[in-house]
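A quick write-up on the structure given underneath.
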Amino acid sequence: MSALTTLFALLLYFAAAVMIAGLAYKIFQYARTPAPLKIPTTPAPLSAAGAGLRVAREVLLFESLFKSNKWIWLFGAIFHAALALALIRHLRYFTEPVWTWVVVLQPFGKYAGYALVIGLIGLWARRLFQARVRYISHASDHLILLLLVAIAASGLAIRYVVRTDIVALKAFVLGLLYFDWQPLPGDPLLLIHLALVAALMIVFPFSKLLHAPGVFFSPTRNQADNPRERRHLSPRAALLGNHKDA
Amino acid sequence: MAKKEFHIPELTGHTEVPDIVDGAMAHCRPFVAGAEHQEALGFPGELVEGWEQKAIAKLGELLERNRALRVYLDTCVKCGACADKCHYFLGTGDPKNMPVARQDLLREVYRRYFTLSGRLAPRMVGAKDLTKEVLDDWYTYFHQCSQCRRCSVFCPYGIDTAEISMAAREIMDHIGLGQKYSNEIIAKVHKIGNNLGLPPRALENTLEGLEEDVKEETGVDVRFPLDVEGAEIMLVSPSADFFAEPHVDGLIGYAKVFHQAGVSWTISSHASEAANFAMFIGSYEHMRRIAGRIREAARQLGVRRIVFGECGHAWRAGYSFLNTLAGPWDFLDSRYPVPQHICEFTYDLIGRGALGLDASANDDMTVTYHDSCNVARASRMGEAPGGQFHIPRELIKASVNRFVDMDPETTHGKTFCCGGGGGLLTDDLLELRVKGARPRMQALKEVVEEEGVTHIAAICAICKSQFSTVLPHYGFEMDMTVSLHQLVGNAIRLGAKE
Ligand code: SF4
Ligand code: SF4
């Protein structure tokens, strides 16, 4: 096994472990922290099922963002939809035989790379040229965009400019999954692409990418509006006990 | 402090998003609570030794206690969708009044002390040590947030800056840097039972005076009962209703409604306050203590129902929190919600034709309605979502012949704060209050000019007081603001029922 293969295999294992463990920890932490009071932003659904649907609309349609700013919504939606398609397209490297629904979506995935870049550039332009957004941006906000653009660009380049040995790549990925390492093609573009993806996975649980799990835990969105009908008692309130009546 | 001159924004048409002006409001901060007001609440009297560590420790404690805080500090992606949604930013142009920038004041410190990236690469992720400079910014800008939650409506993750402001104020209280206005008031409630520090005797006199006034005006004996044991309903109202204008006209309206409904009711001197300012300073403990008074009073008087008067944040504390803080309410009549809003109560009566309203009594007015933020975005009325918008409007339409809504971008869930909520209704913040009212004043001006609106009705003690103060700054009459139940009260034909 070449040093290169070993290096990348270890890097990718490490990145995946950091991402999974980090996210699991954050999710555990969010779930464990009590929500002492009922704070849904109203009007809100009256039932838990309705609140679940509200969260689903936020996740899938970016409902609130649509209300607030059509440009951010547009570029954000393009970027996230394209990212989803690109990720789905990449499933073909992880599955053998490739799942039918992944095969069906392949042709769309092809264009996703471009859409990804368009969405990112739109978002970045706002961050650079809109005074309010520039004011609230830190270096990390630009760097994460840079990282994503670089990942998308290197991916596109591999697909359309300097093709790599897809069959060998797939063997490498499956090898990682089944702990039966296979050699990684040494194309520089591919190595860059993989290294950047590893970097993204590593920063995930330590950055604003936490919005991905966070959106599910937002009390203003996931709580049902029923405080009079059902007494909301968090562990903390329970600890203080009920008022003693004279 | 001498009153500073400041520029009053002109109403130019629709509200434009201003250019950012760094530090535009940096000079505007409320009086700091003195030792007396701090210690009355169990907070240190002045900025303590080692406040940096203590503040960080308190932040750590709150992170463990409040999921919203934890999630919201992590989740913001700096998309800027909320940036132009805050009335204080729109009115002042100070970038730290953009909701996300306001959150960042706390987030920067959170990142520095509680996240790996902030510990390793503070410059890159905008993490900051907690310095005196940062603390100054906290005090200034977390007291330029009325906790109106407008930003949370528009944030893709529902990030509620109000939660952040409350946490920040809680931290500051615990290191000895409290706000005089709120803390003084909370101490009064603990001691006497209402924000004004009105003792039972004075309350009694006021209510007797009101009985006489109404008798004189209508010839009917409308009662304003105090501490009547065994009454069916206990009314919990903001204490401003007992004397401020136009609040007191609202109180007269409630009394007429109760009179017409033929139910026995009472005010309690022990819980003569619906407001719960502890919410503004983010103190669960004090909020719970104030809510507890309502329970004690209900027990003492043996009432069967609790009805809240017109007050925005009080309705949040009542509707959303009372059950948690002071429940269970199983000793009350389970056929009615606990608590019930006076608007729900009146709406019910109108639905049953039990009120007898003559809208022509208000023919001298064309009325618009201001949705108070806490009613609009933090509570509900009635059975269905959005009842908090529908029910008050139905009451107005039943009581007034000419009703006009303001620009829909400024009403319902998108309503703009009056500019004085969240514990900011104090003279030391007058400049902020006037400037923050601009988006609401703008929308009002439109309907005044285009639809001939003469009055703006509200169901919040703070909104009413704030409007009375700021309306003249924008060239309106101060008595343009009216209580919703004042309109109902005017329209009731006492004695007559449909
Ligand atoms: S809660 Fe209201 S006042 Fe506070 S930042 Fe949000 S919009 Fe502004
Ligand atoms: S809208 Fe929400 S995520 Fe976007 S900047 Fe504001 S608080 Fe952050």
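On the beta carbon distance between A:K110 and B:D22, with R0 = 60 Å, the FRET formula returns roughly 0.80. Between the Cα long axis of helix A:139-160 and the first principal axis of chain A there is an angle of about 40°, rounded to the nearest 10. Shape of the range A:3-245 from the C-alpha gyration tensor: prolate (a/c of 1.5 or more and a/b above b/c, with a ≥ b ≥ c the square roots of its eigenvalues). Measure nothing but the geometry: give the 0 to 90° angle between the long axis through the Cα atoms of B:180-191 and the longest principal axis through the Cα atoms of chain B, rounded to 10°. Tilt relative to chain B: about 50 degrees. Our note on the geometry: Cα centres of the range B:121-150 and the range A:1-38, 30 Å apart. Remark on B:R149: its backbone amide H falls under 5 Å from those of B:A162, a criterion applied only to residues 5 or more positions apart or on other chains, H modelled at 1.01 Å from N. The figure for B:I252 is an accessible area of roughly 30 square angstrom, using a 1.4 Å probe on the protein chains alone.
Take every pair of alpha-carbon atoms less than 8 Å apart whose residues are at least six positions apart; their mean separation over the length of the range B:373-444 yields a relative contact order of 27 percent.
Using a Förster distance of 56 Å, how high is the FRET efficiency between A:A84 and B:L226, based on the Cβ-Cβ distance and rounded to 0.05? That gives a FRET efficiency of 0.35. Accessible surface of B:D333, taken over heavy atoms with a 1.4 Å probe and every protein chain present, rounds to 10 Å². Within the shell defined by Cβ-Cβ distances under 15 Å, the residues around A:I166 carry a net charge of +3, with Lys and Arg each +1 and Asp and Glu each -1. Per-residue 3J(HN,Hα) values for the range B:206-216, derived from phi via the Karplus relation 6.51 cos²θ - 1.76 cosθ + 1.60 with θ = phi - 60°, read 4, 5, 4, x, 5, 4, 5, 4, 5, 4, 4 Hz in sequence order (x marks Gly and Pro). Here the Karplus curve 6.51 cos²θ - 1.76 cosθ + 1.60, taken at θ = phi - 60°, turns the phi angles of the range B:166-175 into couplings of 4, 4, 5, 5, 4, 4, 4, 4, 6, 9 Hz, with x standing for Gly and Pro.
For the range B:78-99 versus the range B:161-195, the inter-centroid distance based on Cα atoms is 24 Å. Computed from phi, the 3J(HN,Hα) profile of the range A:118-126 under the Karplus parametrisation 6.51, -1.76, 1.60 (θ = phi - 60°) reads 4, x, 5, 5, x, 5, 5, 4, 4 Hz, with x in place of Gly and Pro.
Distances longer than 17 Å among the Cα atoms of the range B:35-178: what percent of all pairs is that? So the portion of pairs separated by more than 17 Å is 59 percent. Electrostatic tally near B:A359: other residues with Cβ closer than 10 Å to its Cβ, Lys and Arg +1, Asp and Glu -1, net 0. Spread over its residues, the convex hull of the C-alpha atoms of the protein assembly as shown is 170 Å³ per residue. Length, then width, then depth: along the principal axes, the Cα atoms of chain B run 74, 52, 45 Å. Straightening the chain between B:D129 and B:R201 buys 20.7 nm, computed as 0.36 nm per residue apart minus the Cα-Cα spacing.
The order of A:T100, B:T12, B:T206 by accessible area, most exposed first and with a 1.4 Å probe, is A:T100, B:T12, B:T206. Calculated mean residue ellipticity at 222 nm for the protein assembly as shown: -16500 deg cm²/dmol, from DSSP H runs with n ≥ 4 weighted as -39500 (n - 2.57), summed, divided by the residue count and rounded to 500. Residues of the range B:175-191 falling in the label zone of B:L47, defined by backbone nitrogen less than 16 Å from a point 7 Å along Cα to beta-carbon, are B:175-180.
If I model a spin label at A:R32 and A:A56 as a point 7 Å from the Cα along the Cα→Cβ vector, what separation in nanometres do I get? With each label point 7 Å from Cα toward Cβ, the separation is 3.0 nm. Using a cut-off of 13 Å between beta-carbons, work out the net charge of the residues near B:D221 (Lys and Arg +1, Asp and Glu -1, B:D221 not included). Neighbour charge sum, excluding B:D221 itself: -3. For the range B:105-155, the Kirkwood hydrodynamic radius from C-alpha pairs, put into Stokes-Einstein at 37 °C and a viscosity of 0.692 mPa s, yields a diffusion coefficient of 272 µm² per second. Solvent-accessible area of the protein assembly as shown (1.4 angstrom probe, protein heavy atoms only): carbon and sulfur portion equals 60 percent.
In this structure, the amide hydrogen of B:V32, modeled 1.01 Å from its nitrogen in the peptide plane, lies closer than 5 angstrom to those of B:K180, counting only residues at least 5 positions away or on a different chain. In the complete set of protein chains, residue-level accessible area for A:K38 is approximately 20 Å², probe 1.4 angstrom.
With a cut-off of 17 Å, note down the residues of the range A:14-31 whose backbone N falls inside the zone around a label point 7 Å from the Cα of B:L116 toward its beta carbon. Zone members listed by number: A:14-30. Comparing Cα centroids, the range B:245-322 and the range B:341-417 end up 19 angstrom apart. The angle between the Cα long axis of helix B:438-451 and the longest principal axis of the Cα atoms of chain B comes to about 40 degrees, rounded to the nearest 10. Looking at the range B:177-247, what % of the alpha carbon pairs are farther apart than 16 Å? For the range B:177-247, the fraction of Cα-Cα distances above 16 Å is 59 percent. Working from Cα pairs under 8 Å separated by at least six residues, relative contact order for the range B:35-178 is 32 percent. Cβ distances below 4.7 Å define possible disulfide partners, and in the protein assembly as shown the cysteines left without one are B:C28, B:C76, B:C79, B:C86, B:C145, B:C155, B:C311, B:C343. In whole percent, what relative contact order does chain B give with Cα contacts below 8 Å and a gap of six or more residues? Value for chain B: 18 percent. Extension gain, A:V98 to A:L174: 0.36 nm times the residue separation minus the Cα-Cα distance gives 26.2 nm.
If you take the beta carbon distance between B:A384 and B:E36 as r and set R0 to 60 Å, what does 1/(1 + (r/R0)^6) give as a FRET efficiency, to the nearest 0.05? Once the sixth-power term is evaluated, E becomes 0.80. Taking a ≥ b ≥ c as the square roots of the eigenvalues of the Cα gyration tensor of the range B:282-381, is the shape rounded (a/c under 1.5), prolate (a/b larger than b/c) or oblate? Cα axes put the range B:282-381 in the oblate bin. For B:A457, the residues whose amide H sits under 5 Å from its own are B:T368, B:Y369, B:H370, B:V482, ignoring neighbours fewer than 5 places away on the same chain, with H placed 1.01 Å from N. Relative to the current alpha-carbon distance between B:E409 and B:R299, full extension at 0.36 nm per residue lengthens the span by 35.2 nm.
The values are calculated or read from the model by the stated rules, or taken from the named source; none is laboratory data. It should be emphasised that the depicted structure is a prediction, and the values quoted were computed from it without experimental measurement. So basically every Cβ, Gly included, is an ideal-geometry build from the backbone, and we count neighbours across all protein chains shown. These area figures cover heavy atoms from the full protein model, side chains too; ligands, DNA and RNA do not enter into them. Shrake-Rupley method; radii C 1.70, N 1.55, O 1.52, S 1.80 Å.
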